[in-house]
Amino acid sequence: MPWPDFTELSFGYCFLRELETKYTRGGRFPKAPDFISQHAEKTDGYDVEVAMDGSIPLFIQLKRSMVMKTLRAVEFSSPFFAHKPVFRMNLHRNDNFAQHLALQRLEHAGNHVIYATSQIENPQDLLTHTRNRTMVSKASAIFSPSSIVLPTLHEPHHVSFYANQSWAVLFSEQGERFERKWADSSEWLGALLEAPRSREDNEKSMLLAENVLLGALRESELNLPNRVMAAMDGLDGAAARVSVLAQYLLGAQLMFLKPPADSE
């Protein structure tokens, strides 16, 4: 299989670490394991209440794209792609694409939701962009879940694209081109950071997100592990519970970004 010679975990770590150090309040962000350990140990670590005031919640679904170079690939028998490489982001087919549909519902409820997938070919590229702090702006492709409209729920789908192009193609039975909302990752981040949100806005957003995720959980008929349910019972505030639900239900990260100060 034409996977790049680095793991999704490696890509995700480098992407999140750059966001964490450059664009989050205090240089780090809360995620589900931190919420759980803080509740259990009563530590004075990073508090989600700090993040809620003036920050921008963002749900991130991290993906690793395949690197298509062989002429046997469906991309090169289509009218859309002529030169190599083409990057291919697969969508999870489990439970009739429940993950993708839940991400769309989160977005439609007014949340910032993205797929962040790799658009690099090898570990050297990963290392170079990590060192240059260009993982977000150069090494990653950003997709809005709402722009990826599935024609059916009973066949495989994947998104194919060139790095930094304004369009991509959804391949199902046939390929269908669509316009990308954010072809330039740095423009996406700049636009996102322009408008800090009030605590009240964030609290409303998290309550809506919690309802969406609980609805998706009921529809999927999945059961969260007992340790996760126990942790959630002890968490105060919808944001903490949403972080746990997003991670364990969708494999998505909830971050709180901060607009850069004038001096940054």
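Can you give the angle from 0 to 90° between the axis of helix 94-108 and the longest principal axis of the chain, with both taken from C-alpha atoms, to the nearest 10? Taking the Cα atoms of the chain, the angle to 94-108 is about 60 degrees.
Here's the picture: a label point sits 7 Å out from the Cα of PHE76 along the beta-carbon direction, and within region 1-17 the residues with their amide nitrogen under 15 Å of it are 1-3. Distance distribution note for the chain: the fraction of Cα pairs above 35 angstrom is 16%. Between HIS112 and PHE59, the built amide H atoms are under 5 Å apart, and every one of these is 5 or more places off in sequence or on another chain. Among ALA239, ALA116, ALA183, the largest mean-square fluctuation in a Gaussian network model of the chain, built with springs joining Cα atoms closer than 10 Å, belongs to ALA183.
Here is the link list: LYS22/LYS204; LYS22/LYS258; LYS63/LYS138; LYS138/LYS181; LYS84/LYS138; LYS22/LYS138. Which ones come out longer than 21 Å on Cα distance?
Details: LYS22/LYS204 26 Å; LYS22/LYS258 9 Å; LYS63/LYS138 15 Å; LYS138/LYS181 16 Å; LYS84/LYS138 18 Å; LYS22/LYS138 15 Å.
Too far apart for the 21 Å limit: LYS22/LYS204.
Between 0 and 90 degrees, rounded to the nearest ten: what's the tilt of helix 199-220 against the longest Cα principal axis of the chain? Relative to the chain, helix 199-220 is tipped by roughly 60 degrees. For region 8-257, the antiparallel share of DSSP beta bridges with both residues in that region comes to about 80%. Loop-located trypsin sites (Lys or Arg not before Pro) across region 122-178 with a Cβ neighbour count of 14 or fewer within 10 Å are ARG133, with loop assigned by DSSP. D by Stokes-Einstein for region 136-245, Kirkwood Rh over Cα pairs, 4 °C, 1.567 mPa s: 76 µm²/s. Taking max minus min of the alpha-carbon positions on each principal axis, region 38-190 gives extents of 57, 38, 28 Å, largest first.
Normalised by the number of residues in the chain, the mean separation of alpha-carbon contacts (under 8 Å, six or more apart) gives a relative contact order of 28 percent.
Ranked by the mean number of other Cβ atoms within 10 Å per residue, highest first, peptides 140-147, 2-9, 87-94 order as 140-147, 87-94, 2-9. Want the number for LEU214 to LEU127: 0.36 nm per residue separation, take away the alpha-carbon distance, what's left? Extending this stretch completely gives an extra 27.5 nm.
At 0.36 nm per residue, and after removing the present C-alpha to C-alpha distance, how many nm does the segment from LYS181 to GLN165 gain when stretched out fully?
Fully extending the segment from LYS181 to GLN165 adds 4.7 nm.
Of ARG72, ARG17, ARG197, the residue with the greatest mean-square motion in the GNM of the chain, using alpha carbon springs below 10 Å, is ARG72.
Values quoted throughout were computed directly from the atomic coordinates according to the rules given, and no laboratory measurement underlies them. Quick caveat: nothing in here was measured; it's all calculated off a predicted structure. When we count neighbours, we look across all protein chains shown, and the Cβ atoms used for this are built from the backbone with ideal geometry, even at glycine.
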